[in-house]
1. When Ile213 is evaluated against the numbered criteria (1) assigned to a helix (DSSP H, G or I); (2) hydrophobic (A, V, I, L, M, F, W, C); (3) open to solvent by less than 40 Å² (accessible area, probe 1.4 Å), which criterion, by number, is the only one it fails?
2. Val266 - would you say it is outside any helix (DSSP H, G or I) and either touching an Asp or Glu at 6+ places or on another chain (Cβ under 9 Å) or surrounded by 14 or more Cβ atoms within 10 Å (Cβ to Cβ) (or both)?
3. Keeping to the stretch 305-322, report how many residues are surrounded by fewer than 16 Cβ atoms within 10 Å (Cβ to Cβ) and farther than 22 Å from Lys216 by Cα.
4. For the stretch 293-321, how many residues are at pLDDT below 85 and more than 25 Å from Lys250 (Cβ to Cβ)?
5. Restrict the check to the stretch 239-251 and report whether at least one residue is crowded, with 16+ Cβ neighbours inside 10 Å and modelled with pLDDT under 85.
6. Can you tell me which of Glu287, Glu280, Glu298 is open to solvent by 30 Å² or more (accessible area, probe 1.4 Å), without any contact (Cβ under 8 Å) to a residue 60 or more places away in the chain and either closer than 19 Å to Leu241 by Cβ or not in a loop (DSSP other than H, G, I, E, B) (or both)?
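The values are calculated or read from the model by the stated rules, or taken from the named source; none is laboratory data. Since we're looking at a predicted model, the values are computed, not measured. Neighbour counts are summed over all protein chains in view; Cβ atoms, including those assigned to glycine, are modelled from backbone coordinates with ideal geometry. What goes into the accessible areas is simple: the full protein's heavy atoms, side chains included, and nothing from ligands, DNA or RNA. Shrake-Rupley method; radii C 1.70, N 1.55, O 1.52, S 1.80 Å.
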Amino acid sequence: MAKRDLEEELKKERRLIGSLLYEIDYCKQQLSVMEHEHNETTSALRGQIDSLMAEVNYKDCVLPDWELRYNRTMRQLMAENVMLREEIRKGNEEIAKLKCELSLQTKELEECKSKNDNDPDRGTLLNETEMLKENVPCQNLVETLSSQVAALKKELQETSEALEDTTSEHSGLTVKHLLVNQELQDARKESIKGLNDILNSKTTLGIKRMGDINHKAFEVACSQKFPNEDWRETCAKLCSLWQQNVQDPKWHPFKIIDIEGKLQRVIDEDDEKLKELRNEYGDIAYEAVGTALMEMNEYNASGMYPVPEVWNRKEERKATMKEIIEYIIKQLKIHKGKGKRKRDNM
């Protein structure tokens with residue numbers, strides 16, 4: 001009986017092992033299918049990303065040249081327009097002057113003709129009148145000036161049409177550039193959503209809230225100002241206060257200055273609040289508030305609340321789309337490698 005029971009137990013164990021082996025094979029097949037789908041998705045995503053980046057890079061390379069050519073053409077056409085209009089004005093003035101002189105002379109001779117019907121010199125005056133009426137050089141001059149004015153008007157029309165075409169072309173390029181920028185912004189927003197739970201303090205890229213006060217700067221300032229006291233509570237209150245100031249839509253501590261021919265918005269160092277902060281807590285706190293103000297003005301001047309951005313911690317700047325895409329692809333490769341090692345261990 002014991003032997004039969006043992007054999008029966010062995011049969012059950014063999015059936016269980018067979019069932020487990022079948023499940024393992026099935027899981028391997030499922031993982032293989034998932035890996036294939038993952039590879040296809042990754043390949044398609046990489047192709048779309050490469051295509052988008054190539055288009056963006058091409059637009060970025062070509063757009064400055066287009067803008068330079070457009071500005072040069074606009075300046076040239078506007079200068080030609082001014083010259084043509086001036087020549088037309090002078091031509092019109094000359095024609096009006098000649099017509100006025102001819103009219104006065106003709107009127108004077110007509111008056112002489114009516115007053116001197118019985119004058120022996122009447123025939124001579126009539127002849128002079130006819131000669132003036134048929135003054136060929138004068139008529140030729142008027143006709144020449146008229147033809148020149150007509151030619152200038154035609155050239156002006158052509159220049160105006162060329163100017164309109166150039167403006168239309170530039171408008172089209174601007175629209176295309178705005179569409180490409182919108183696509184980039186949408187892709188950037190989606191990447192921020194996806195990376196928000198992945199990036200941490202140890203990764204090169206991180207999520208930074210643009211417009212937030214840098215607490216570390218205030219910690220340094222407060223620790224220096226109150227070295228023998230518990231400054232942490234004061235620091236927390238100070239950061240909260242200045243964050244409210246940064247987000248206050250009624251506070252505009254900016255001024256417009258000319259930098260190399262371009263008007264730019266900068267922090268107004270003479271603002272009373274900022275001057276008080278600088279005098280009380282030094283340049284570190286002042287610069288932290290100034291940085292937050294400039295970020296808020298750039299990223300969300302209408303809403304006045306901090307917004308997330310992918311940040312290159314190593315170089316202290318906004319991460320490029322290329323860096324974001326390279327990071328995503330790197331993470332996909334790492335995930336793929338982990339999945340493969342897990343299957344091999346099974």
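1. (1)
2. Working: outside any helix (DSSP H, G or I): yes; either touching an Asp or Glu at 6+ places or on another chain (Cβ under 9 Å) or surrounded by 14 or more Cβ atoms within 10 Å (Cβ to Cβ) (or both): no.
When the stated conditions are applied, Val266 does not pass them.
3. 2
4. Qualifying residue count, the stretch 293-321: 1.
5. no
6. On the way: Glu287 fails: without any contact (Cβ under 8 Å) to a residue 60 or more places away in the chain; Glu298 fails: without any contact (Cβ under 8 Å) to a residue 60 or more places away in the chain.
Testing whether each residue is open to solvent by 30 Å² or more (accessible area, probe 1.4 Å), without any contact (Cβ under 8 Å) to a residue 60 or more places away in the chain and either closer than 19 Å to Leu241 by Cβ or not in a loop (DSSP other than H, G, I, E, B) (or both) leaves just Glu280.
Conditions tested, residue by residue: (1) at pLDDT 70 or above; (2) exposed (fewer than 14 other Cβ atoms within 10 Å of the Cβ); (3) within 30 Å of Ser147 (Cβ to Cβ).
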| position | (1), (2), (3) |
| --- | --- |
| Glu8 | yes, yes, no |
| Leu16 | yes, yes, no |
| Cys27 | yes, yes, no |
| Gln30 | yes, yes, no |
| His36 | yes, yes, no |
| Asn57 | no, yes, no |
| Thr73 | yes, no, yes |
| Ile88 | yes, no, yes |
| Glu93 | yes, yes, yes |
